[in-house]
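J.: Have a look at the structure that comes next, please.
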Amino acid sequence: MESYPAVYDFGLLPFALGDALTWNVKACIRAQKNNCPKLDILICLDSKTPASMVQDDYIDQRNYWHFYNELQPVFLCNPMLNRIQIFRDRTDLVKYLDERLNKHSNSTLSAYYSEYLDIVKKRKSSVSIRKYFRTEITGHEDIIEYYNSHKTIPYLKVDIAFQDDVINYKNIANNQCLYVATNFRSRFHDESSKPSQVDRDSSWKRERKFV
């Protein structure tokens, strides 16, 4: 199998910049573990259920495409990207995965697909969604393991359409400043934050060391 099929279903995972960036890194690691040099990113934007239960109070059939347009460039930053395929109906995605698995028998991929089908059935369960969310995004054990083995992680690239806006190579060559924006997650300052939100905060000691 030359290209690994990785699923980002917005009915299960959030419309969120940082989460989408992390998912892309984890998708690269999965592809490499399966000896695949490329990634097919399969995006589910089911028009009937476009957002997960954590965002469906403000993302719906009227505005979900706007939220996706804001995030779409993130997937173009994947260094292993072969293609992006969008499914507007979840049943079409399931059919596509069935056909693909029939052509390429792979136990790891079959387990990944089975997990996806299972969470689709349980998408109204907050416990199941949190578990799936950790597997796909917030659990960083696979990234740490990859780093310990390779002393690096898959780096996302700047899409060619945005390179001139991000990096001015002439200025760098002339030893001028390159400004990098950072965003430290500090939800503990917000009294309305839930424990599941605070436990992803940055360590203030690491923030100070970085600065």
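J.: For the stretch 141-157, name all the residues that are of a type in the set (Asp, Glu) and in contact (Cβ under 8 Å) with a residue 40 or more places away in the chain. So that I can check it myself, show each step before the final result.
T.: Within the stretch 141-157, the subset of a type in the set (Asp, Glu) is 141-142, 145.
Of everything in the stretch 141-157, just one residue is of a type in the set (Asp, Glu) and in contact (Cβ under 8 Å) with a residue 40 or more places away in the chain, namely Asp142.
J.: Which members of the stretch 1-43 meet the condition of being over 26 Å from Ser125 (Cα atoms) and among the aromatic types (Phe, Trp, Tyr)?
T.: Tyr4
J.: Regarding the stretch 52-65, can at least one residue be identified that is among the aromatic types (Phe, Trp, Tyr) and either buried (at least 19 other Cβ atoms within 10 Å of the Cβ) or assigned to a helix (DSSP H, G or I) (or both)? If you could, list the steps in order and put the result at the bottom.
T.: So in the stretch 52-65, the residues among the aromatic types (Phe, Trp, Tyr) come out as 58, 64-65.
So of that shortlist, the ones also either buried (at least 19 other Cβ atoms within 10 Å of the Cβ) or assigned to a helix (DSSP H, G or I) (or both) come out as 64-65.
There is at least one residue in the stretch 52-65 that is among the aromatic types (Phe, Trp, Tyr) and either buried (at least 19 other Cβ atoms within 10 Å of the Cβ) or assigned to a helix (DSSP H, G or I) (or both).
J.: Scan the stretch 67-109 for residues that are more than 19 Å from the chain's Cα centre (by Cα), polar (S, T, N, Q) and surrounded by 12 or more Cβ atoms within 10 Å (Cβ to Cβ) and jot them down.
T.: Matches in the stretch 67-109: Asn106 only.
J.: Okay, moving on. For Leu17, all conditions in the list (1) exposed (fewer than 14 other Cβ atoms within 10 Å of the Cβ); (2) aliphatic (A, V, I, L, M); (3) closer than 15 Å to Tyr155 by Cα hold save one; what is the number of the exception?
T.: (3)
J.: Turning to a different aspect of this structure: Please indicate, with yes or no, whether at least one residue in the stretch 21-33 is of a type in the set (Gly, Ala, Ser), crowded, with 17+ Cβ neighbours inside 10 Å and touching a helix residue (DSSP H, G or I) at 6+ places or on another chain (Cβ under 8 Å). Steps first, please.
T.: Within the stretch 21-33, the first condition is being of a type in the set (Gly, Ala, Ser), and the residues that meet it are 27, 31.
Next, only the ones that are crowded, with 17+ Cβ neighbours inside 10 Å stay: 27, 31.
Retained after the next criterion (residues that are touching a helix residue (DSSP H, G or I) at 6+ places or on another chain (Cβ under 8 Å)): none.
No: the stretch 21-33 contains no residue that is of a type in the set (Gly, Ala, Ser), crowded, with 17+ Cβ neighbours inside 10 Å and touching a helix residue (DSSP H, G or I) at 6+ places or on another chain (Cβ under 8 Å).
J.: Could you list all residues from the stretch 1-37 that are at pLDDT below 95, touching a Cys at 6+ places or on another chain (Cβ under 8 Å) and part of a loop (DSSP other than H, G, I, E, B)?
T.: Correct list: Met1, Glu2.
The values are calculated or read from the model by the stated rules, or taken from the named source; none is laboratory data. Here the structure is a predicted model, which means the values were calculated and not measured. Virtual Cβ from ideal backbone geometry, glycine too; neighbours counted across all protein chains shown.
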